[in-house]
Amino acid sequence: MPMHRGRVWEAAPWPTAGTLWPASEDGPLDLLAQPDLAEVARVWPDGPLPDHGLLSFFYDTEDQPWTLVSPNPGKWRVRWDHGEVLPLPPPEDWVTFTSRRIRFEAAMTLPSATEDDCVFQDLGLTAEPADVDDAVGGGPAFHQLLGWPHLLQGGMTTTCQRESGFVRDGLDRFAPGRILSREDWDELDAGTRAADWRLLLQLGSDAESGWCWGGGGGLYFWIRAEDLETARFDRVWAVMQC
């Protein structure tokens, strides 16, 4: 579901009363988007998201975490506020992005030929790269809620599964002398299959919004299917590609 200018990137969130502004160990996180899920439900009544509340996406835009080098879920936060909400002013002296508005528009998306093999296996499909790429088309990343991602590099489902597994199990992937065996990788993949991950939100680099992901790439928020079904947005994993 691509997002177009309509009701968008709020400079200040509207969370449940008493909520504190999300922060990492390095300071406040930046609010990127806050879709009104009631508006989403009007466009997609049978969609997988709740039909009410506000979904807020926060991210550290100053010290952007590279997933394969420094995965740190403290650098992003996704909140679902579905009770009474009040405007939350930013921390003192904190500069926010300019508010813009978005509207939602339903659209068909297709898996890219560079998706992880497990995705096609899970769907019972085989990928013909030329056919898929012709159907998806090229061009820069764009803003999108749900659906198949617009990939700038390879697939991200296995990345989400494995990297979140390191954090979940308290493992240091880059510890001196640490070598992962085939059994280690199988164990990391076993908890939840990589194909169970779903795109929640994709944001492209956008000069008007003041966003630049890496060298002009895309920022992707992912969630497991079961967590999406139970609205566990606190378990979202973020990946940046450029």
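The values are calculated or read from the model by the stated rules, or taken from the named source; none is laboratory data. Given the structure is predicted, the values throughout are model-derived calculations rather than measurements. Reconstructed Cβ throughout: ideal geometry from the backbone, glycine too, with neighbour counts over all protein chains shown. Just the protein is used for accessible areas: all its heavy atoms, side chains included, with ligands, DNA and RNA removed. Shrake-Rupley method; radii C 1.70, N 1.55, O 1.52, S 1.80 Å.
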Please list, by residue number, everything in region 219-241 whose backbone N is under 18 Å from a paramagnetic label point 7 Å out along Cα→Cβ of ARG42. none
Protection proxy ranking of 224-231, 39-46, 196-203 - average other beta-carbon atoms within 10 Å, highest first: 196-203, 224-231, 39-46
Taking R0 as 45 Å, what's the FRET efficiency between GLU208 and ALA231 from their Cβ-Cβ distance, rounded to 0.05? 0.90
Average accessible surface area per residue within region 197-242, 1.4 Å rolling probe, Å²: 34 Å²
